[in-house]
Amino acid sequence: FRGGAELLFDGVKKHHVTLPCQPEPWDIRNLLKWIKQNLLKERPELFMQGESVRPGILVLINDADWELMGELDYKLQDQDNVLFISTLHGG
């Protein structure tokens, strides 16, 4: 989490997570639900909108824009690096 998004997660920028086993493969959609339930500490409306991230949150999967990877439908692989960067700034 970067660009201020980490403030919603107790200021922790990097999380190493092991996701629980489930019948279907994990995708970003399910990861976001898991993050909301397990990592997000405050003001979920600043991170999520519906089942996705809010506009203004850049998502990178292994340093590539998630729009190139299928966004919410991207199937997570072992050792994937998912980065959330807030591009929203107050003024």
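For the stretch 5-86, what relative contact order do you get, as a whole percent, if you take Cα pairs closer than 8 Å and at least 6 residues apart? Present the calculation step by step, with values, prior to reporting the outcome.
Working: 80 pairs, mean separation 28.9, N = 82.
Normalised by residue count, the contact order of the stretch 5-86 is 35 percent.
Principal semi-axes of the equivalent ellipsoid, √(5λ) from the alpha carbon gyration tensor of the stretch 43-91, are 21, 12, 9 Å from largest down.
Atom-type composition of the exposed protein surface of the chain places 49 percent of the accessible area on carbon and sulfur (1.4 angstrom probe). Comparing 11, 70, 50 in a Gaussian network model of the chain where C-alpha atoms under 10 Å apart are linked, the largest mean-square fluctuation is found at 50. Taking 16 Å as the straight-line reach from the Cα of residue 75, the lysines in range (excluding those fewer than 8 positions away in the same chain) are 33.
Sum up the charges of everything whose Cβ sits under 11 Å from the Cβ of residue 10, counting Lys and Arg as +1 and Asp and Glu as -1, but leave residue 10 out. It would help to have the intermediate numbers written out before the result.
Numbers: positive: 13, 41; negative: 6, 42.
Summing Lys and Arg as +1 and Asp and Glu as -1 gives 0.
The solvent-accessible area of residue 43, taken with every protein chain present and a 1.4 Å probe, is close to 120 Å². Within the chain, antiparallel bridges make up roughly 90 percent of the DSSP beta bridges whose residues both belong there. Modelled label positions at residue 78 and residue 62, each set 7 Å beyond Cα in the direction of Cβ, lie 1.4 nm from each other. Dipole magnitude for the chain: about 360 debye, using +1 per Lys or Arg Cβ and -1 per Asp or Glu Cβ, origin at the Cα centre.
Computed from Cα atoms, the angle from the helix 28-38 axis to the main principal axis of the chain rounds to 60 degrees.
For n ≥ 4 DSSP H runs only, could you compute -39500 (n - 2.57) per run for the chain, divide by its residues and tell me the 222 nm figure to the nearest 500? Please report the intermediate quantities before stating the final value.
On the way: 1 runs with 11 residues, N = 91.
Roughly -3500 deg cm²/dmol at 222 nm, from the helical runs in the chain.
A simple spin-label model places pseudo-atoms 7 Å from Cα toward Cβ; at residue 71 and residue 43 they are separated by 2.5 nm.
I'm a student and want to see the number: the projected area of the Cα convex hull of the chain, averaged over all directions, in nm².
Numbers: hull surface 23.8 nm².
The orientation-averaged projected area of the Cα hull of the chain comes to 5.9 nm².
Straight-line cross-link reach from residue 41 at under 12 Å between alpha-carbon atoms covers these aspartates and glutamates, not counting any fewer than eight positions away in the same chain: 6, 10.
The values are calculated or read from the model by the stated rules, or taken from the named source; none is laboratory data. Being a predicted model, the structure only gives us computed values, none of them experimental. Don't worry about glycine lacking a Cβ; one is built from the backbone with ideal geometry, like all the others, and counts go over all protein chains shown. Side chains are part of the model used for accessible areas, which takes the heavy atoms of the whole protein and leaves out ligands, DNA and RNA. Shrake-Rupley method; radii C 1.70, N 1.55, O 1.52, S 1.80 Å.
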